[in-house]
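The values are calculated or read from the model by the stated rules, or taken from the named source; none is laboratory data. Everything numeric in this text was worked out from a predicted model, so none of it was measured. Virtual Cβ from ideal backbone geometry, glycine too; neighbours counted across all protein chains shown. Areas reflect the complete protein model, heavy atoms only, side chains present, ligands, DNA and RNA absent. Shrake-Rupley method; radii C 1.70, N 1.55, O 1.52, S 1.80 Å.
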Amino acid sequence: MYKNRDKETTTTYQKYRFILDILSKVILNLLSAGLLLGFGFWLLMASNMGPAYLPNIMDGGLDMSIRVTLLGLGTLVWLLTPIWFFWSTIRYGYRKYHNYQAYKRIN
């Protein structure tokens, strides 16, 4: 899997490619988590913005449910993003590490 089959020796890149794979996945996850946290922050701020959203409907009574929904969604995004980040990063690293260990046993 990690070995160049045409040559007898492997390069340093081929030997430690799994580390680069893990780091690239972590960086991609960090970027995704940052965007999600930014979106959650925007939802939290939108829940407290301006006057009533729909003042003509139900004499503004719909406004509170919209604000609470935005607040709940923003909070949910903020709570689930770190859980998703750590879970996917650790799962990916674990899988790559075991693939690397299997490769070392074969060669």
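Scanning the stretch 48-83 for residues that are under 24 Å from Ala33 (Cβ atoms), modelled with pLDDT of 90 or more and loosely packed, with under 14 Cβ neighbours inside 10 Å yields a count of 7. Once the stretch 85-98 is narrowed to residues that are open to solvent by 100 Å² or more (accessible area, probe 1.4 Å) and of a type outside the set (D, E, K, R), the residue that is nearest to Lys15 (Cα to Cα) is Tyr97. Within the stretch 10-29, work out how many residues are surrounded by 15 or more Cβ atoms within 10 Å (Cβ to Cβ) and closer than 20 Å to Trp87 by Cβ. Qualifying residue count for the region: 6.
Restricting the first member to the stretch 49-67 and to residues that are small (Gly, Ala, Ser), and the second to residues that are outside any loop (DSSP other than H, G, I, E, B), the beta-carbon pairs closer than 6 Å and six or more apart or on different chains are Ala52/Gly60; Ala52/Asp63. For the stretch 23-78, a residue qualifies if it is more than 17 Å from the chain's Cα centre (by Cα) and of a type in the set (S, T, N, Q), and the qualifying residues are Ser47, Asn48, Asn56, Ser65, Thr69.
Flag set for Ser32, criterion: closer than 30 Å to Ile22 by Cβ, surrounded by 11 or more Cβ atoms within 10 Å (Cβ to Cβ) and hydroxyl-bearing (Ser, Thr, Tyr). Contact map, the stretch 91-105: residues that are at negative phi paired with residues that are open to solvent by 100 Å² or more (accessible area, probe 1.4 Å) and among the charged types (D, E, K, R), Cβ distance under 9 Å, separation 6+ or inter-chain. No pairs are found.
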